[in-house]
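> The structure follows.
The values are calculated or read from the model by the stated rules, or taken from the named source; none is laboratory data. Just so it is clear, the structure is predicted and the values come from calculations on it, not from any experiment. When we count neighbours, we look across all protein chains shown, and the Cβ atoms used for this are built from the backbone with ideal geometry, even at glycine.
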Amino acid sequence: MNPVEDLSARRTTAAEGCTRWLTGRRVPASDALRQLADEATEDKRDAYGSGGEVELLEKEVADLLGKPAAVFVPTRILAQQSVLRVYADRAGTQRVALHGLSHFLHHELNALEEVHHLRIERMTSEPRHPRPDELTAIPGHLAAVALELPLRDAGFVLPTWDELVMFSEACAERGVPLHLDGARLWESTPYLEHSLAEVAALASTVYVSFYKGLGGLSGAALAGPEDIVAEVRRWQRRLGGTPYTLFPYAVSARAGLRNVLPLMGDLHQRAVELAAALEIAGFRVFPDPPHSNSFRVFAPQPADKIELAAVRRMEATRESISYRWQPADVPGWSWVELVVTPDTLQWDVDEVGKAFGELLGE
């Protein structure tokens, strides 16, 4: 086994022995199932995604986002491919405008082109949100425009509220529907200082996730006009997205809306506080201050060195404070994502700064 593989195996073993987690604890599967049973509110299960907890969840999401309708689907990829396909079929063009760092292009094996034969127009690939003039620079007829809020592969960055409004207006003036990839939309409202419904009102359709910030088992929802949602349901069926029951996923999603969604302001505030503490401890953060509950932490050490320090600390303390460290673009530096979860609120800010500082002292 080479040193990299050995360190990876050591991290896995150390993580299994941890009793405290900074960014989300690992609940034993049996305990998770027991908690799930306690969260259920309906005795009647859905049938192929219709009725029961699924129907209740769809209504709750539509109300939260201020949209006429919503559909619950098992995965993000299924939800968003379906809605872009609907827009393309309606518009009579395969061209969709995306950010070059969007999830569509980095994590879906080129599915938009391979499966749906869509043509991708990149507005920009800079680590920021696209501007209206960059949309204007794309000539011709577009089926849809998509924005990811926040843009995860750029460092969880968000536009300002005014920038988002101007971009929405540019789409409306052009007559092209705007779709929000809101995988972390729940986490974005504290920075934008507007409600979920106000943010969603700037777009024709909105996708949201339940297993990231809300801590659900899996699943997503697509909200928008009733006719668009109805067509997405048909694509969900065509693409195999209607298993016999979605009951467990809907229960955990509704639990997240009840128990975690109200904490989003606290999570963002703690992210801002932790970013400041990490700067004092010798790290750099981006964005500074964080736009959501998640941000990137940069260390002035090579990834292999600080990763070894992190694993050794896990083994010694049985505490998990970071994911696996990665090489940064700047030689000799490394980076990691830090995601603030409800478990993070159990740690003092100074305690986190001290724990990370120990990694630099190795």
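> Condition check: out of contact with any Leu (no Cβ under 7 Å at 6 or more places or on another chain) and either of a type outside the set (A, V, I, L, M, F, W, C) or not assigned by TED's automatic domain parsing to the domain that holds Phe295 (or both). Does Leu109 satisfy that? Before you say what the answer is, go through the steps one by one.
Numbers: out of contact with any Leu (no Cβ under 7 Å at 6 or more places or on another chain): yes; either of a type outside the set (A, V, I, L, M, F, W, C) or not assigned by TED's automatic domain parsing to the domain that holds Phe295 (or both): yes.
Here the answer is yes, as Leu109 does meet what is asked.
> A follow-up question, please. Please indicate, with yes or no, whether at least one residue in the range 326-339 is closer than 25 Å to Ser195 by Cβ and touching a residue at least 24 places away in the same chain (Cβ under 8 Å).
Initially, the range 326-339 is screened for residues closer than 25 Å to Ser195 by Cβ, giving 339.
Narrowing further to those that are touching a residue at least 24 places away in the same chain (Cβ under 8 Å): 339.
There is at least one residue in the range 326-339 that is closer than 25 Å to Ser195 by Cβ and touching a residue at least 24 places away in the same chain (Cβ under 8 Å).
> Any chance you could count how many residues in the range 312-362 are part of a strand (DSSP E or B) and either over 23 Å from the mean Cα position of the chain (by Cα) or not small (Gly, Ala, Ser) (or both)? First the steps, then the outcome.
Of the range 312-362, the ones part of a strand (DSSP E or B) are 319-320, 326-327, 334-339.
Then keep just the ones that are either over 23 Å from the mean Cα position of the chain (by Cα) or not small (Gly, Ala, Ser) (or both); that gives 319, 326-327, 335-339.
Residues flagged as part of a strand (DSSP E or B) and either over 23 Å from the mean Cα position of the chain (by Cα) or not small (Gly, Ala, Ser) (or both) within the range 312-362 amount to 8.
> Now a separate question. Restricting to the range 98-124, and then to whatever is assigned to a loop (DSSP other than H, G, I, E, B) and β-branched (Val, Ile, Thr), can you tell me which residue is nearest to the chain's Cα centre (by Cα)? Can you show your working first?
Kept after step one, since they are assigned to a loop (DSSP other than H, G, I, E, B), are these residues of the range 98-124: 99-102, 107-110, 115-118, 123-124.
Now narrow it down to the ones that are β-branched (Val, Ile, Thr): 115, 124.
Details: Val115: 23, Thr124: 20 Å.
Of everything passing the filter in the range 98-124, Thr124 is nearest to the chain's Cα centre (by Cα).
> Out of Ile228, Ile321, report the one residue that is surrounded by 22 or more Cβ atoms within 10 Å (Cβ to Cβ) and either over 23 Å from Ala200 (Cα atoms) or acidic (Asp, Glu) (or both).
On the way: Ile228 fails: either over 23 Å from Ala200 (Cα atoms) or acidic (Asp, Glu) (or both).
Of the residues listed, the single one that is surrounded by 22 or more Cβ atoms within 10 Å (Cβ to Cβ) and either over 23 Å from Ala200 (Cα atoms) or acidic (Asp, Glu) (or both) is Ile321.
> Okay, next question. In the range 133-160, how many are over 19 Å from the mean Cα position of the chain (by Cα), assigned to a helix (DSSP H, G or I) and not hydroxyl-bearing (Ser, Thr, Tyr)?
The first filter runs over the range 133-160 and keeps only residues over 19 Å from the mean Cα position of the chain (by Cα), leaving 133-144.
Add one more test, that the residue is assigned to a helix (DSSP H, G or I), and what stays is 133-136.
From what is left, the residues that are not hydroxyl-bearing (Ser, Thr, Tyr) are 133-135.
Qualifying residue count, the range 133-160: 3.
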